[in-house]
Each structure stands twice: as C-alpha cells, then as structure tokens.
1. In whole Å, how far is the Cα centre of the range C:71-129 from that of the range A:1-64?
2. Placing a label point 7 Å from Cα toward Cβ, how far apart in nm is B:R121 from its equivalents in the other copies, listed shortest first to one decimal?
3. Place a point 7 Å from the Cα of C:R11 along the Cα-to-Cβ direction; which residues of the range C:110-130 have their backbone N under 11 Å from it?
4. Between C:S7 and the same site in the other copies, what are the distances in nm, shortest first, taking label points 7 Å from Cα along the C-beta direction?
5. In the calculated pair distance distribution of the range C:2-131, what percentage of Cα-Cα distances lie above 26 Å?
6. Can you list the HN-Hα couplings for the range B:98-103, worked out from phi with the Karplus curve (6.51, -1.76, 1.60; θ = phi - 60°), rounded to whole Hz and with x for Gly and Pro?
7. Residue by residue through C:83-91, how many Cβ atoms from other chains fall within 10 Å of the Cβ on average?
8. Which net charge results when you count Lys and Arg as +1 and Asp and Glu as -1 among the other residues whose beta-carbon is under 13 Å from that of C:L15?
Amino acid sequence: MLTVALSTDARRMVLDVTGQIEAAVAASRVRDGIALVFCPHTTAAVVVNEMDGRLEQDLLAWAAKAVPEGAGWRHDTVEANAHAHLQGISMNQSATLPVVGGRLALGRWQHVLFVELDGPRQRELWVQVVGR
Amino acid sequence: MLTVALSTDARRMVLDVTGQIEAAVAASRVRDGIALVFCPHTTAAVVVNEMDGRLEQDLLAWAAKAVPEGAGWRHDTVEANAHAHLQGISMNQSATLPVVGGRLALGRWQHVLFVELDGPRQRELWVQVVGR
Amino acid sequence: MLTVALSTDARRMVLDVTGQIEAAVAASRVRDGIALVFCPHTTAAVVVNEMDGRLEQDLLAWAAKAVPEGAGWRHDTVEANAHAHLQGISMNQSATLPVVGGRLALGRWQHVLFVELDGPRQRELWVQVVGR
C-alpha cells in the first residue's frame, strides 16, 4: 500500500490529487486491476468529479447548507466538528477506480478530489492496488 | 475491462442495468472476486437499490430538492448543470459488488441502477472484475 | 465470501461491526489486498467513521431531516419506507477497505458502522476479500 501525504492550509478546501494517485498506481506495477483510494480520516472526503474551481466552491457551499455547522449536534460537546463528519458521510470517503494498461482509467472530465472539511491539517490518502 | 453502452432519452431518468452488469461479469470469467461498476461521467450516478418505478421517481424528486437546479451555483456560469454534478456526488458514482461462483451476488431486492442527471446523452459504464 | 450476521433491535440504530469485519478479514487469509464490506439490503447503510454514541445520534437525526419519513413519497404506497431507502442512498451502502499484513487497515478514529434505517430486522453483511 502506498501513502500520499497531503497538507491542507484552510478550514475547508478541495485539492486535486489526480497526479499523486496516478503516480501511486504506476509505482504499484499493477497492469490490470483496481485502485482503492482510501481516506483514513473521518472529517474529509474523496470525490471523483470535474475540477473547476467554481464547482468546488459549490460543493463546499452545498455541504455547509446540507449539514450546517453548530446546529445543536450532540457530538459538538466532544469536539465542535460534527458537521464535518456528516458532510464527509454525505459525499464519499473513498473511491475505487479502474487500472488499465498500468494506468488509472478516468472519464474525460474526472479528477480525483480530496475534500478537506475540518482543516488545516496534515492528511494522508492510502492507495491500495490489486490485480495483475 | 468491459464497457456497457447506455443511451438515455430524458433529462433525468433511472435505468436498471443489472442484466448488462451480470453479462459483463460472466464475460470476465472471474469465479470469485469483486466487480467495480465505474461511471466515467460527472453528472450521473450508480446506485444499488430496489427497482420500483415509484422509488426511482422519489429518488429523482429527493435529489432535485436536496440540490436545486439554478440556485445560484457558480459552476452554472460555465455550464448550467452544477446541480447535476452535486446530485451525483450526494448519491454514489460507482459501485463495488461481490462476484461468487462466476456470478454477481446481490441481495434479494437489489438492482444496479444508472441514474441520469443531465441527459439525454450517450453514456457508458466500465466494468472491471478482479479475482480468480 | 464470508457472511456476518447481525440482528437489530430498534427501528433506527447504528452498530459498530469493526470486530466482525476484522475477524472475516483474518479468516480470508489474504495478506495484502482489499476487503469489500457489502450490504445486501436496500434500507440500511455501511459508513466508516468515528464511533461516538453522540455522533451516531447526529447521523440518524441528520438523515431523518434530510429525507423525512412520510413526505408524500410514491414508494410509500407499496411499503411505507421510501425514506429509509433514500437515507441509505444518501450515505454509503458498502465500503471498500485496505488489507495490509493480513489485517484491516483503518485510520485512527475509523470504525465500520452498520446503519439500520428500517428495523428491527435480521441483517447480514457480506465480506469479500481479494488480493494475495
């Protein structure tokens, strides 16, 4: 398994990590199989979608409205980030992607996006590739 | 990897693709493993749930309410479909399914559903099966 | 493929199934690969997140608000649980997890959680592990 180290510098932000995931897939030497992009964190998400700065702002705005911060969540009495946990759950927290010919196979408009919901923090993605 | 070609004939609709996925799994000749059903599109989704026409209308109605079209999304200045991107993210955009005895293993009420959120379009699903 | 049997004793509840999934991964004898935790049900979900009793109450409260019960859903004319189907879709209905050194690899705060949305019922999770 390979680790991709990430550093986020804002409370909420989206990072395009496609290049790092492609490098991890190449390093695995698997030619034909699937790559699991696993987020080991509970207040972040992994989304596969278009990389357009405006869409990423929309994604964060939608999450903030769908799960508002400080809306009386019980977990906030432990740590005031229940909204970040629930926002992550409402997206996806990992992605499983095809590997073909030794390369990540993505659709024309798809990028692999890391969504920080409770930063800034040092983060990681774990990439596990299986196949031949 | 196998490709399933789909054609949607409405702006928003749900297609039951279980049969096509089962055929792709059989063609892979994998007896025991997992099948990734990957959607290479950014304004569609793959959901595994009951196939009942009324439930599918409910799913589209819920998505339209959870992420309303034209609600001031920034991405709409590029292409007026931000809601379709975000609706897809709020569901799932791929599914990973068990393969047992050379066949897709699904629960009694489960079907594999392709959810078109910005059609009509020519679409594809990519099916990658790993195992023995 | 291994089956984990679960029994829920409330209409809506969250069960921490991390120990059962770890046992299934150990039984698979796979040292390096990925584990699919597949929910064969259409009104339940699998979520990977922190196990804190309060956060789990928040998750159920958020789901009930995001997809209200009895809100005129068409599927309710068949069986009055459309909200449970849609709540499951808005979370995740399966999880794909890394297996390293023969053990499930999870982040520090991550647990595997089964979310019952239409209980009480006898439930199952299917665990399929691929790799070497």
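The values are calculated or read from the model by the stated rules, or taken from the named source; none is laboratory data. Just so you know, these numbers come straight off a predicted model, no measurement behind them. Here the Cβ is made from the backbone with ideal geometry for all residues, glycine too, and neighbour counts use every protein chain on show. Areas reflect the complete protein model, heavy atoms only, side chains present, ligands, DNA and RNA absent. Shrake-Rupley method; radii C 1.70, N 1.55, O 1.52, S 1.80 Å.
1. 23 Å
2. 3.2, 3.2
3. Backbone N within reach: C:118-120.
4. 5.3, 5.3
5. I get 24 percent for the Cα pairs in the range C:2-131 exceeding 26 Å.
6. Residue by residue, the range B:98-103 yields x, 10, 9, x, x, 10 Hz.
7. 6
8. Residues near C:L15 contribute -2 overall.
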